[in-house]
Amino acid sequence: MSSYGSRVHKIASIFRRVTGLLENGAMEAKDRPLWYDVYKAFPPRVEPTMERSLPADLHTREILYAEDVGRVAFLQKYEDADEDLHNLFAPSDKGTCMAKFITKARALGADADHTLWTDEAFLEKDFVFLGSGSAYPSPHRAASGLILRHTNGTQWLFDCSEGTQVQLQSCAAVRAQRISRIFITHLHGDHIFGLPGLLATISGMREHAVDPRWVLTMESREDSSPPDLEIYGPCGLRRFLRITTAISWSLLRMTYVVHELHPRPDQVANCFPYWTATDSDPVRDRMLPFERTGRDIHPDPDGFFRDIFGAREVGLKDGREDFVVHAFMLDHPVPCVGYLLLEPAPLPRLRADKAVALGVKPGPLMGRLKRGESVTFERDGKEVTVNPVDVLDVALRGRRVAILGDSRDSSELRRLLISLFSTPSDDSKVDKCGDASDGCRWRLDCLVHE
């Protein structure tokens, strides 16, 4: 997104000024800065050039990134197109423009099989960083917040600092009303102070006018349908939301549930229990009318919160089926967790050309082969059996994403990965985990760490 004062806007402004100096003769072409040529080529309307020759004795390594190859290929195919897909300096909203760019770029990658567009290098599920690494919001920096966008349109939010709503409104790729799950790493203010306001905003998008008497109609009602929003986080989060929502008289026209992660006493800093109480008072902290009963999740004997989603709800299609989520403790003054998202292994790609060559006709038989079933049919009066191994590509594992909060020591993530994926034959490789040459099966595809 380009906005006034943003880096893109400032660069565009300077670029136009230098262009004006060149056109008016105030600056000679040989005196133009090198970055001018770089930004003139990005968006890549021409291949980057350097007119001034380098000294013969200057030894520099050529730098060529994978995305440069993709940009050049994209330019060569679409530079004469009617619609302008890659004008990053246009002052209009880039949401539609960027969506077109991504769609055509992915199609281009599928045709040319560039490394840039493979699943390992380009995640289908997008991450949008609303803020990171800041204890408080400022005009140029936002505190913690991360959106995971699923292909079905739903979105998950990880941490919700003060100012998260502002970031959501300034990003065309994110919609607050599409958030179905919120994951909180810990209860420091720079990770949760934006949560009560966000709930009120999402509720306001559903119903702008609320009669206070509406609460009385829900006082004793317990709806069995899935809640509109599911929230996960350390113990104390449920009480925090009840108090802030009740005292501020925020009448939510939506339902939510808080599932709390309760660590063992030895997993929490010694000073924390003396500072605050996280248990809800049964009299003062009563369940709100629009709140649903949440689960208290306790660690297993290994100290991990495995599969925090528990039983799958029937009919809930919000991206939950895309991942299994585990949680683990991190070293921080307050209870802090990290989340490990594991994507199920996708079905192997069916080589339709091979199947057709073996006599398989398009239709149900193709589907059975893709599901890993052998098929038998008649061909030229003979019974023919085709096995999945004959027509399927090599199976790929699902992707792994770890999202960690503040931490002095994150070694529990390594221990969790080893417990999930190691075998007795891997014991000798544990100390080498991370070495690119050892075929490490505990490797992550994406790590977000503050």
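Considering only residues of the range 4-41 that are surrounded by 10 or more Cβ atoms within 10 Å (Cβ to Cβ) and hydroxyl-bearing (Ser, Thr, Tyr), which is modelled with the lowest pLDDT?
Checking each candidate, the answer is Ser6.
Tell me which residues, restricted to the range 333-386, are closer than 30 Å to Leu157 by Cα and among the β-branched types (Val, Ile, Thr).
Val334, Val337
Among the residues of the range 371-379, is there at least one that is at pLDDT 85 or above, more than 22 Å from Phe304 (Cα to Cα) and out of contact with any helix residue (DSSP H, G or I) (no Cβ under 9 Å at 6 or more places or on another chain)?
Yes, the range 371-379 contains at least one residue that is at pLDDT 85 or above, more than 22 Å from Phe304 (Cα to Cα) and out of contact with any helix residue (DSSP H, G or I) (no Cβ under 9 Å at 6 or more places or on another chain).
Step by step: first the residues of the range 143-173, then only those that are aliphatic (A, V, I, L, M) and modelled with pLDDT under 85, then the one that is farthest from Phe127 (Cα to Cα). Which residue is that?
So, considering only residues that are aliphatic (A, V, I, L, M) and modelled with pLDDT under 85, the one farthest from Phe127 (Cα to Cα) is Ala172.
Being modelled with pLDDT of 75 or more, touching a Cys at 6+ places or on another chain (Cβ under 9 Å) and of a type outside the set (Ser, Thr, Tyr) is the filter here, so list the residues in the range 393-450 that pass it.
Correct list: Arg399, Arg400, Val401, Ala402, Ile403, Leu404, Gly405, Asp406, Arg414, Leu417, Ile418, Arg443.
Would you check if Gly319 is modelled with pLDDT under 80 and at positive phi?
In short, yes.
This table checks each residue for (1) under 30 Å from Thr185 (Cβ atoms); (2) assigned by TED's automatic domain parsing to the domain that holds Ile184.
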| site | (1), (2) |
| --- | --- |
| Arg306 | yes, yes |
| Leu330 | yes, no |
| Leu342 | yes, no |
| Gly359 | no, no |
| Leu369 | no, no |
| Glu378 | no, no |
| Arg399 | yes, no |
| Asp409 | yes, no |
| Leu420 | yes, no |
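Looking at the range 340-368, which of its residues are of a type outside the set (A, V, I, L, M) and in contact with a Leu (Cβ under 8 Å, 6 or more places away or on another chain)?
Pro346, Pro348, Arg349, Arg351
Can you tell me which residue is surrounded by the fewest Cβ atoms within 10 Å (Cβ to Cβ) among those in the range 129-146 that are of a type in the set (A, V, I, L, M, F, W, C), over 19 Å from Leu444 (Cβ atoms) and out of contact with any Pro (no Cβ under 9 Å at 6 or more places or on another chain)?
Ala135
List every residue pair whose Cβ atoms sit under 6 Å apart, with the two residues 6 or more apart in sequence or on different chains, where the first one lies in the range 168-192 and is at positive phi and the second, anywhere, is of a type outside the set (A, V, I, L, M, F, W, C).
So the pair list comes out empty.
The values are calculated or read from the model by the stated rules, or taken from the named source; none is laboratory data. Model, not experiment: these values are computed from the prediction. Please note: Cβ atoms are built from the backbone with ideal geometry, for glycine as well, and neighbour counts cover all protein chains shown.
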